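A.B. asks: The structure's right below; bear with me while I get my questions together.
The values are calculated or read from the model by the stated rules, or taken from the named source; none is laboratory data. Quantities reported herein were computed from a predicted structural model and do not represent experimental measurements. Reconstructed Cβ throughout: ideal geometry from the backbone, glycine too, with neighbour counts over all protein chains shown.
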Amino acid sequence: MSFRFLGIRISVSFWFTALITVLLLMDKTGLMPLVFVSFIVHEAGHILFLRRFKKVRAIDFHPAGITIVENNLTVSGYKKDILVNMAGPLANLGLAILWLPIYIISQNQYIIMAILINCAIAFFNLLPMATLDGRQILYRLICLYRSEDTAHKVTGVVSLITLIACAATGMWVFLRVKNNPTLLITSVYMLIMELARSYFFNKTSI
């Protein structure tokens, strides 16, 4: 399914829709809608800043996540790109702060979960690994003072170390807290993607 919104092409794949449907049907906690909305808020933060710099061309929703396609004809610079990368986590933290006084007044447990989910998404995305915002921020910070090749190599090593640490933490959580393999599965998936990314990058660099 594809349509245009505010001049941006929005594409939603069948498998993305199927994945969301399965997750909602399997969710026994009632928290999946909160997670989904939090991810939308995260991406909306990126999009708002990208539109400010006139760089958004398309947004693709697929099983691996959400991809924002930028207009290659628009050059914004590393500093503005860092702001764009930070916008997503900041949007989640902003939403968590907005929910905080409501929780203080109501003491509603659903609201505290919304706050925790948004904080978790924000801090997780700031980790310097895989395709997360933290890696992009680190890459662009290095590019301000060193070459892009150096930035690729440094962020690749940092990403690999961080992913291994997350996978180890995920294994520990899984062994200590039964039926909670979320971090382990996510880390292993990202580790495989990172190794594949490094393999193809090295291949094209030869």
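A.B. asks: Just wondering, is there one or more residues in the stretch 142-164 that are of a type in the set (Phe, Trp, Tyr) and modelled with pLDDT of 85 or more?
C.D. replies: Yes, there is a match, as at least one residue in the stretch 142-164 is of a type in the set (Phe, Trp, Tyr) and modelled with pLDDT of 85 or more.
A.B. asks: Please state which one of 140, 135 is in contact with a Ser or Thr (Cβ under 7 Å, 6 or more places away or on another chain) and not assigned by TED's automatic domain parsing to the domain that holds residue 42.
C.D. replies: 135
A.B. asks: What number of residues in the stretch 144-163 are in contact with a helix residue (DSSP H, G or I) (Cβ under 6 Å, 6 or more places away or on another chain) and surrounded by 19 or more Cβ atoms within 10 Å (Cβ to Cβ)?
C.D. replies: Adding up the residues that qualify gives 4.
A.B. asks: Could I ask something else about it? For residue 122, indicate whether it is part of a helix (DSSP H, G or I), surrounded by 21 or more Cβ atoms within 10 Å (Cβ to Cβ), in contact (Cβ under 8 Å) with a residue 60 or more places away in the chain and within 19 Å of the chain's Cα centre (by Cα).
C.D. replies: Judged against the criteria, residue 122 is a match.
A.B. asks: Next question, about the same structure. Taking the conditions exactly as written (over 27 Å from residue 137 (Cβ atoms), of a type outside the set (A, V, I, L, M, F, W, C) and either without any contact (Cβ under 8 Å) to a residue 60 or more places away in the chain or not assigned by TED's automatic domain parsing to the domain that holds residue 82 (or both)), does residue 4 satisfy them or not?
C.D. replies: Answer is yes for this residue.
A.B. asks: Under 6 Å between Cβ atoms, at least 6 apart or on separate chains: pull out the pairs that start in the stretch 130-146 with a residue that is more than 22 Å from residue 120 (Cα to Cα) and end on any residue that is of a type outside the set (A, V, I, L, M, F, W, C) and surrounded by fewer than 19 Cβ atoms within 10 Å (Cβ to Cβ).
C.D. replies: Note: pairs meeting the criteria are 140/78; 143/78; 144/78.
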